[in-house]
Every structure is written in structure tokens, then in C-alpha cells.
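For reference, the structure is listed below as C-alpha cells.
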Amino acid sequence: MWGGRFAGGPSAIMREINASIPFDKALWRQDIAASKAHVDMLGAQGIVTAEDAALIAQGLDQVAAEYEANGVPENWDLEDIHMTTESRLAELIGPAAGRLHTARSRNDQVATDFRLWVRDAMDQAELGLKQLQVALVSRAGEHTASIMPGFTHLQTAQPVTLGHHLMAYYEMIGRDRSRFADARSRMNRSPLGSAALAGTGFPIDRFRTAEALGFDGPTDNSLDSVSDRDFALDYLMAAAQCSLHLSRLAEEFIIWASQPFGFVTLPDSLSTGSSIMPQKKNPDAAELVRGHSGRIVGCLTALMITMKGLPLAYSKDMQDDKPPVFEAASLLALSIAAMTGMVAEAKFRTDRMRAAAELGYATATDLADWLVRQANIPFREAHHITGSAVKLAESRGIALDQLSIEDLKAIDQRIDDRVYAALSVEASVAARCSHGGTAPDEVRKRVAQARVALGLEEQA
């Protein structure tokens, strides 16, 4: 490839550091698709003959069939997937293969291929996340009234429903889907035809190739086209945020599955045992999802640092753009699949959850709210009175609703028997009926809306 300019070939070190075929062979489908769109346009524009265009297209189909059957060969002397494909094409059809590279450069070629790959990765992530939402909504619908403790600082705070808790993750994953959708919309422009950096003098039709490849149109600046990797960073940013949400969900399952909690039994298919302790059932899949989030954030950081000081247009540093994206996409797909399976197949111990909700004086706020509503006491004063009641109950080792009315009146005479109706965990969750609250009726409403949004049922 370099023969016209260099008298000697590359050294062994240069050959190894320069070759990207070990990882960019993952782009072969995109490379074939973009090359076919390019040669179709060259033929339509009369830049190559119709006969050569047809011969090249047939040859590319044969190369694709070989890759599909046998994988992409790794000849480091050919450097990358682009030269590997062109070399094999020349072996199959002869000199006409050399016309394929007319009016393009490897710079716009790889920018196009990589965009196509990232676009596919965004679509796959969005599809996987939708399935996770379906699992969350399905399980939330089963548990709209199942009571569990809600936590702040990992301390029992107020009773909530399991359905409400699961729907919180539905909302998070919805934002993740929107980030991928936004990124996809922003990146869906074709760099093909920008050539090395300045465009080309051939009468190409960039709109034709953009349409053929499913882009909304061509990019508008050739310099930016070949040097832009914002689309890869956007993908990694969305993937990193998504991985944080998956990690939080995984952490919940890890905690809930521990013996002190015992809120959930994880599926055997996503758990492992111990090599020495036969009683162990370890939440390894969830722990790995939690670990993968760190690696995905690391992939984002790696590409950001690679790109931070590069001048226009293309620099060889950008060859290192693909490994972090490929790694993050693989880890993210695994993480989404693991958490979807975990949500769908976990057995929730709602008896343990309800019992835990009754501990820790989770209905203390309900007592304070009752004092505000029924005794017309300012909330700050009601908060102080409730604190005294909690202190008394704690000293006796009993729940708030086990304090006698005499005990409560001794704290404040304005308390009467009606207070007990507000102190059960059922009453507590039912009272939280504001929009987005944990009341079972509110959760059912939100589950129904989510099912419509996911296409699981029609709007009533």
C-alpha cells in the first residue's frame, strides 16, 4: 500500500503498532455495506463503468459470504479491515477492485463504518433496555401493594411498595433509552465522500450514499467529518450512565439476597456456589454487573483522554477509538441481559419485606402528619412530639402502634384513639397518594401507563 512513497517496508515494531485488524475486523459488515453503497453511487454517477460497479458489488458479496463462513483473516501487513477487504476483492475480481477506492479515503471510510457500528450498538442497547423495562413493569404489576421498607442512608425511612421501588428503575432505564435515542439522532449523518479531509473533485452524490446507508443526510464539513468521534463519546456517555443505573439495581439485589435481609431469592441460573462452603449461593452475576460499570466508565475516560488534544483532521491516535467502544458495548449488553433475567426470575420474599417495614419506626412520619392534620399542630412541633414517642417505644422495645393511648397522651394530650388508624404500614402507604407516590392505586396507575408506553396493551 505504501510502495510508491517508501523505499523500505515498515519495521516489525511499526507493523505491530500500526495494525488494527485484530479489533477493527468487527467492522466488516459495515465496511461491506458502505463499500457497496459507494460503488453503486460511483456507477450511477458514471465515475466507474456500470460493468465494473456490478463486478465490484458481486465481489463484495462474495467477500462477505467468506467472512460470514470463516471469519476475517488477520494479515497484519494489510493493517486493517479496509485493506483486508480490498485485497481479497482484488484476488477475486482482478484490477477492477482498485476502482472501489475512487473518491474516498480510509479516513472517511472508517468514520462511516464506525458510525454504522455505533448506530447498531445504540439500537441493540435500546432494544435490550426496553426488555428490562418490560420485566420491571411486569414484576411491579405483581407487587403494587406488597409493602417493604423504603430507605434513606440505608436506614429504614418510610414504608413503600415493592412495585413503587421497581418502577423507580423503570424511570431510570427510560432516561437511559432517551439518551441513546438522542445520541442516535445526533450522529445519524454520513461522512462518506469527505475523503481524506478536504472532500473530492469527483462528481459524487453524497446524498445518495447517505440514504442507502440509512443516514438522514451527509455531514456538512469534510474536516469535521473525518475527525469527529463525538458519536462514539455520546454512545459511551449513555452507556456509562446506563451502567451506573444497572449497578445500583444490582447492588439492591445483592443486599436483598443477603441473609440479614432475605428479601429475595435469586435465580440459580444467575448465581454461583462456593468452592469450600456448600451452603453458599453467591450473587455473582449482580456483582459482575456492578463491576462492569467501572470498566464501562473507564472506556469513556480512555476515549475522552485520547481525543482531548487532537488537531484537525485525522491522527493515528484515533485508531484507538474502537477498542473502548467495543469493550463497553459487550459489557453493557451482558449487564442488561443479566439484570433483565434477574428481575424476571427473582422470587421476592414479601413476608420478610413487610416484617422489615414494621421495624425501625417507619410510620413515625405518619404520626407527625396525623398531628398536623387532626390536631392542627405545626409540623416542626409535631416532629418533636413524634420523636418523643419513638424514643419511648424504642426504650420499651415495641412498635409505635403498640404504645397505649395513655402513653401517647402523656407525651401530648391532643393525641386520641384515631391515631392508630394512621400507624399501620398499610395506612402509611395508602396515604402517600400524591402523583408519583407509593400508594398502591398510584402504582397501579403508573404501571398501566407504562404498559401502554411499552406497547404491551392499548390505551384505555
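The values are calculated or read from the model by the stated rules, or taken from the named source; none is laboratory data. It should be emphasised that the depicted structure is a prediction, and the values quoted were computed from it without experimental measurement. For neighbour counting, all protein chains shown are included, and Cβ atoms are generated from backbone atoms with ideal geometry for every residue, glycine included. Remember, those area values only see protein heavy atoms, side chains included, never the ligands or the DNA or RNA. Shrake-Rupley method; radii C 1.70, N 1.55, O 1.52, S 1.80 Å.
Residues checked against (1) small (Gly, Ala, Ser); (2) open to solvent by less than 50 Å² (accessible area, probe 1.4 Å); (3) more than 19 Å from the chain's Cα centre (by Cα); (4) modelled with pLDDT of 95 or more:
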site	(1), (2), (3), (4)
Met277	no, no, yes, no
Asn282	no, yes, yes, no
His292	no, yes, no, yes
Ile305	no, no, yes, yes
Gly309	yes, no, yes, no
Lys316	no, no, yes, no
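Every condition in (1) aliphatic (A, V, I, L, M); (2) open to solvent by 60 Å² or more (accessible area, probe 1.4 Å); (3) in a helix (DSSP H, G or I); (4) more than 30 Å from Tyr235 (Cβ to Cβ) is met by Met353 except one, and the failing one is (2).
Tell me which residues, restricted to region 308-326, are under 17 Å from Val118 (Cα atoms) and hydrophobic (A, V, I, L, M, F, W, C). Show your work before the answer.
Keep residues of region 308-326 that are under 17 Å from Val118 (Cα atoms), which gives 318-326.
Across region 308-326, the qualifying residues are Met318, Val325, Phe326.
Selection of region 102-124 for residues being surrounded by 24 or more Cβ atoms within 10 Å (Cβ to Cβ) and farther than 20 Å from Phe23 by Cα yields only Arg104.
Looking only at region 195-213, filter to residues that are open to solvent by less than 50 Å² (accessible area, probe 1.4 Å) and in contact with a strand residue (DSSP E or B) (Cβ under 8 Å, 6 or more places away or on another chain); which one of those is nearest to Ala313 (Cα to Cα)? The extreme case among them is Arg206.
Looking at Arg15, is it within 22 Å of Asp120 (Cβ to Cβ) and either at pLDDT 90 or above or in a helix (DSSP H, G or I) (or both)?
On the way: within 22 Å of Asp120 (Cβ to Cβ): no; either at pLDDT 90 or above or in a helix (DSSP H, G or I) (or both): yes.
Taking the combined requirement at face value, the residue does not satisfy it.
Whenever a residue of region 338-363 is among the β-branched types (Val, Ile, Thr), its partners that are crowded, with 18+ Cβ neighbours inside 10 Å and at pLDDT below 95, lying with C-beta atoms within less than 7 angstrom and at least six residues away or across chains, give the pairs Thr363/Pro159; Thr363/Leu400; Thr363/Leu423; Thr363/Val425; Thr363/Ser428. For region 398-448, the set of residues classified as touching a Ser or Thr at 6+ places or on another chain (Cβ under 9 Å), β-branched (Val, Ile, Thr), under 19 Å from Tyr361 (Cα atoms) and part of a helix (DSSP H, G or I) consists of Ile411, Val425, Val429, listed by residue number. Asp216: under 19 Å from the mean Cα position of the chain (by Cα) and either within 29 Å of His101 (Cα to Cα) or open to solvent by 20 Å² or more (accessible area, probe 1.4 Å) (or both), yes or no? No.
Looking at this structure, is Ala362 within 22 Å of Met148 (Cβ to Cβ), aliphatic (A, V, I, L, M) and open to solvent by 40 Å² or more (accessible area, probe 1.4 Å)? It would help to see each step written out before you state the result.
Numbers: within 22 Å of Met148 (Cβ to Cβ): yes; aliphatic (A, V, I, L, M): yes; open to solvent by 40 Å² or more (accessible area, probe 1.4 Å): no.
So Ala362 does not fit the description; no.
The set of residues in region 62-90 that are closer than 21 Å to Leu42 by Cβ and of a type outside the set (S, T, N, Q) comprises Val63, Ala64, Ile81, His82, Met83, Glu86, Arg88, Leu89, Ala90.
Each residue in region 262-272 was checked for being open to solvent by 50 Å² or more (accessible area, probe 1.4 Å) and either in a loop (DSSP other than H, G, I, E, B) or out of contact with any strand residue (DSSP E or B) (no Cβ under 8 Å at 6 or more places or on another chain) (or both), and 2 of them qualify. Checking each residue in region 224-254 for being over 22 Å from the mean Cα position of the chain (by Cα) and open to solvent by 10 Å² or more (accessible area, probe 1.4 Å) picks out Asp224, Ser227, Asp228. Pull up region 165-196, narrow it to residues that are among the basic types (Lys, Arg) and assigned to a helix (DSSP H, G or I), then point me to the one that is farthest from Asp40 (Cα to Cα). If we take residues in region 165-196 being among the basic types (Lys, Arg) and assigned to a helix (DSSP H, G or I), then Arg175 is farthest from Asp40 (Cα to Cα).
Could we say that Glu381 is open to solvent by 50 Å² or more (accessible area, probe 1.4 Å), free of Cβ contacts under 8 Å to residues at least 24 places away in the same chain and assigned to a helix (DSSP H, G or I) here?
Working: open to solvent by 50 Å² or more (accessible area, probe 1.4 Å): yes; free of Cβ contacts under 8 Å to residues at least 24 places away in the same chain: yes; assigned to a helix (DSSP H, G or I): yes.
It is true that Glu381 is open to solvent by 50 Å² or more (accessible area, probe 1.4 Å), free of Cβ contacts under 8 Å to residues at least 24 places away in the same chain and assigned to a helix (DSSP H, G or I).
The listed residues are Asn188, Asn221, and the only one of them that is open to solvent by 40 Å² or more (accessible area, probe 1.4 Å) and modelled with pLDDT of 95 or more turns out to be Asn221.
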